[in-house]
Structures are given as C-alpha cells and as structure tokens.
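Encoded as structure tokens, the structure appears first; notes follow it.
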Amino acid sequence: MREVKMELGESGGRVICELSDRRYVTLQDYNGTNMVSIRDYYIKDGKNFPSAKGISLTKDQWLALSSSLPSIEEAIKKMESKLR
C-alpha cells in the first residue's frame, strides 16, 4: 500500500492511498457528505475515473469499520494459521 496525495480525474476525489494499480482509497464529497471510497478506476482519454466497482462509506460507517480492524486482523491470523 502506497500513500498518494493527488486529485483523480473529474471525480474531484482526493487520493489517500493506492491499494493496487487501479484501486484507490479516496475522500470525496457526495451531495455535501464526506465519503471514504475504496474503488476501482479506469482510464478514459488519459484520465482516471471511478468505476461502479467499489464501496463508499459515510464517516460513521468508516469509524465502525476502522474500530473493527484489530478483530479483523486477528481473524485473518487465525485463518492463516489453520491453512498451514
């Protein structure tokens, strides 16, 4: 994961980090609501645009997810240890 600070295409979203070649975490304003988006992007006419593939979270949804990260990481470790 790489931290990137730039604008992306016409969407006006600020890129917070790049998860892969075409998947970004962005902060965008949607009808006056700040949203954290994890979304795939495509290139058209040399510019990046958001695709329909992804999810946008409100501040409350983001806080709920981020507070659950320790539990998610623990569950991943348990699953990985079962696969060994």
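What to note about this one:
- Charge dipole (Cα centre; +1 on Lys/Arg Cβ, -1 on Asp/Glu Cβ; no other charges) of segment 39-84 amounts to roughly 140 debye.
- Check: the chain dipole with +1 on Lys, Arg Cβ and -1 on Asp, Glu Cβ, in debye: 300 debye
- Ranking by accessible area, most exposed first, for Y30, Y24 with a 1.4 Å probe: Y30, Y24
- Ordered by solvent-accessible area of protein heavy atoms (1.4 Å probe), largest first, the residues L83, L27 come out as L83, L27.
- Pairs of lysines in the chain whose Cα atoms sit within less than 27 Å of one another amount to 5, provided the residues are eight or more positions apart or on different chains.
- For C17, the amide hydrogen comes within under 5 Å of the amide hydrogens of V4, V25, counting only partners 5 or more places away or on other chains and with H modelled in the peptide plane.
- Accessible-area ranking of D40, D21, largest first, probe 1.4 Å: D21, D40
- Calculated FRET efficiency for the pair I55/S20, C-beta based, R₀ 22 Å, to 0.05: 0.90
The values are calculated or read from the model by the stated rules, or taken from the named source; none is laboratory data. Predicted model, so just to flag it, every value in this text is computed and none were measured. Neighbour counts run over all protein chains shown; Cβ positions are idealised from the backbone, glycine included. Heavy atoms of the whole protein, side chains included, go into the accessibility calculation; ligands, DNA and RNA do not. Shrake-Rupley method; radii C 1.70, N 1.55, O 1.52, S 1.80 Å.
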